[in-house]
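Remarks on the structure that follows.
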Amino acid sequence: MSEQARRRPPKPHRRPKKDPVRMLAFEVLRAVDERDAYANLVLPPLLRKAREKEGFEARDAALATELVYGTLRRQGTYDAIIAACVDRPLREVDPPVLDVLSLGAHQLLGTRIPPHAAVSATVELARVVLGEGRAKFVNAVLRKITRQDLDAWLAEVAPPYEKDAEDHLAVMHSHPRWVVSALWDALGGGRAGIEELLEADNERPEVTLVARPGRVTVDELAEAAETEPGRWSPYALRLADGGEPGAIEAVRDGRAGVQDEGSQLVAIALANAPLDGPDTRWLDGCAGPGGKAALLGALAAERGAALLASEKQPHRARLVERALAGNPGPYQVIAADGTRPPWREGAFDRVLVDVPCSGLGALRRRPEARWRRRPEDLDGFAPLQRGLLTEALRAVRVGGVVGYATCSPHLAETRVVVDDVLKRLGGAELIDARPLFPGVERLGDGPDVQLWPHLHGTDAMYLALIRRTA
């Protein structure tokens, strides 16, 4: 080394530059991993804070949202690709490092961000949140990922369909193998259908509004925001991409709400199911967080009926109260356990039980649920689902109707539950729900209804309508 080189002062240590968008996305991923949080609950308040303190613009919020949801939806695929680029099992990679790598993989393989910019920005994020040493590891892995595009990586890391169909689909479409198997069973076989469904689960869902009858009309709601008509529900409007529901006055004051069309259709179908006798007392037995209860309450008010909305968890009961506040007809909200109800037998004409479930029907909205759920979780839900349906059938009078609903297409949470309870109780019969979904196509053989993201553009809501006969 020359004397001049020895005398040259060392380069000052460069402080890493914080990127607010990627920092926010990383913060959400850590909350999902560390606290079992849901991104759709964590992300909105962070975005509001960033708009106020960081000066986030609409494009910043859009990029942060895409980074979070895109990474979560494609996590299984990215894990397989990252595993091919590291020299250790993924379980030995620290979770924060893996989150940064997944964010980088999504930018490289799932967005139009130029590769050099994606690598540079992700490595800079790593310097901020992980330190210089692990940032070098992130840089090395991401540069390996840049060798080829997503299709080429999938051809390398996914097993051939002919050798292992379920594992192939799991890697290609980023779902756990057991979820692929369960959804395939519910669909009834066929490669095209399951691939369409899995791909639909990875698409960004539309934001759908509901105009609550008697409180705001669809036309009035359409004048307040850029929307398109819903596909199926007469009360639905689809918000234009990038639209903010909270900016709409009718949503803020509860006259309208954000509600998937599948959820709307379930409430409407129960409200319109044919009855023998009076129609004045309605029950929502699992009312939290209140979307279906608010629509049912509005529909009940149009007919002079009263709604009792019951929710076991007090904090969720408060959400129901908020959703129903201002309802034009009589209603009451209580905190009660639907498996040990305080009401007398035969007290109601219509009863809805939208039971707690695995949530496999809403993977577009809660993509992290696919990685969080386990097959054994269904065993925990089973007694509760049967108990709630049993008590719902006792709560309805002879001639009245019960709607059993889940946001899951898993057969163990839908038809198996209904069949088991009907066989054990007797005195009840399934009625054909399909005519109560007017205009909706491809509803299967009935008498129950299963909606699908790839066929109907809704969450995979299930509904069985049951009339009490004795």
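If I model a spin label at residue 379 and residue 411 as a point 7 Å from the Cα along the Cα→Cβ vector, what separation in nanometres do I get?
The modelled label-to-label distance comes out at 2.0 nm.
Treating the beta-carbon of each Lys and Arg as +1 and of each Asp and Glu as -1, no other charges, what is the dipole magnitude of the chain about its Cα centre, to the nearest 20 debye?
The dipole magnitude comes to about 1820 debye.
Residue 134: net charge of surrounding residues, Cβ under 10 Å, Lys/Arg +1, Asp/Glu -1, itself excluded?
Spelling it out: positives minus negatives among the neighbours equals 0.
Dipole of the chain (Lys/Arg Cβ +1, Asp/Glu Cβ -1, origin at the Cα centre): which of 243, 76, 47 lies farthest to the positive side?
47
Roughly speaking, what is the centre-to-centre gap between the range 48-107 and the range 164-215 when only Cα atoms are used, to the nearest Å?
Here the answer is 22 Å between Cα centres.
Cβ neighbours within 10 Å, averaged per peptide: list 172-179, 343-350, 283-290 in order, most packed at the top.
The peptides rank, most packed first, as 283-290, 172-179, 343-350.
Treating only the Cβ atoms of Lys and Arg (+1) and Asp and Glu (-1) as charged, compute the dipole magnitude of the range 190-331 about its Cα centre; round to the nearest 20 debye.
With only Lys, Arg, Asp and Glu charged at Cβ, the dipole is about 760 debye.
Going by average Cβ density within 10 Å per residue, which order do the peptides 60-72, 192-204 take, highest to lowest?
In descending order of packing, they fall as 60-72, 192-204.
Ordered by packing density, taken as the mean number of other Cβ atoms within 10 Å over each peptide's residues, highest first, how do 87-99, 449-461 rank?
Most protected by this proxy first, the peptides run 449-461, 87-99.
When a/c is below 1.5 the answer is rounded, else prolate if a/b is larger than b/c, else oblate, so apply that to the range 268-345 with a ≥ b ≥ c taken from the square roots of the Cα gyration tensor eigenvalues.
oblate
Relative to the present Cα-Cα distance, how much length would full extension add between residue 62 and residue 49 at 0.36 nm per residue of separation? Please report the intermediate quantities before stating the final value.
Values: separation 13, 0.36 × 13 = 4.68 nm, distance 1.47 nm.
Working it through step by step, the gained length comes to 3.2 nm.
So, in Å, what gap is there between the alpha-carbon centers of the range 109-138 and the range 413-470?
So the separation of the two Cα centres works out to 48 Å.
Taking every alpha carbon pair in the range 323-419, what does the distance histogram look like in 10 angstrom bins from 0, in percent?
Whole-percent P(r) values from 0 Å outward: 14, 39, 32, 14, 1.
Give me the percent of DSSP beta bridges within the chain that run antiparallel, rounded to the nearest 5.
Counting DSSP beta bridges with both partners in the chain, the antiparallel share is about 55 percent.
Divide the volume of the convex hull of the Cα atoms of the range 346-470 by its number of residues and quote the answer in cubic angstrom per residue.
Each residue corresponds to 101 Å³ of Cα convex hull volume.
Please compute, for the alpha-carbon atoms of the range 159-213, the extent along each of the three principal axes and give them in descending order in Å.
53, 21, 18
Two decimals is fine: what is log10 I(q)/I(0) at q = 0.09 Å⁻¹ for the chain, from a Debye sum with one equal scatterer on every Cα and no solvent?
-0.66
Once Lys and Arg get +1 and Asp and Glu get -1 on their Cβ, which of 126, 197, 171 lies farthest toward the positive end of the dipole of the range 104-212?
Comparing the listed Cα positions along the dipole, 126 ranks first.
At 1.4 Å probe size, what's the solvent-accessible area of residue 241? Round to the nearest 10 Å².
130
How many lysine pairs does the chain hold where the Cα atoms are under 24 Å apart and the two sit 8 or more places apart or on different chains?
Close lysine pairs under the 24 Å cut-off: 10.
Got the relative contact order for the chain handy, in percent, Cα pairs under 8 Å and 6 or more residues apart?
12
The values are calculated or read from the model by the stated rules, or taken from the named source; none is laboratory data. In this text the structure is predicted, and so the values were computed from the model without any measurement. Neighbour counts are summed over all protein chains in view; Cβ atoms, including those assigned to glycine, are modelled from backbone coordinates with ideal geometry. To get the accessible areas, we keep the full protein, side chains included, count just its heavy atoms, and leave off ligands, DNA and RNA. Shrake-Rupley method; radii C 1.70, N 1.55, O 1.52, S 1.80 Å.
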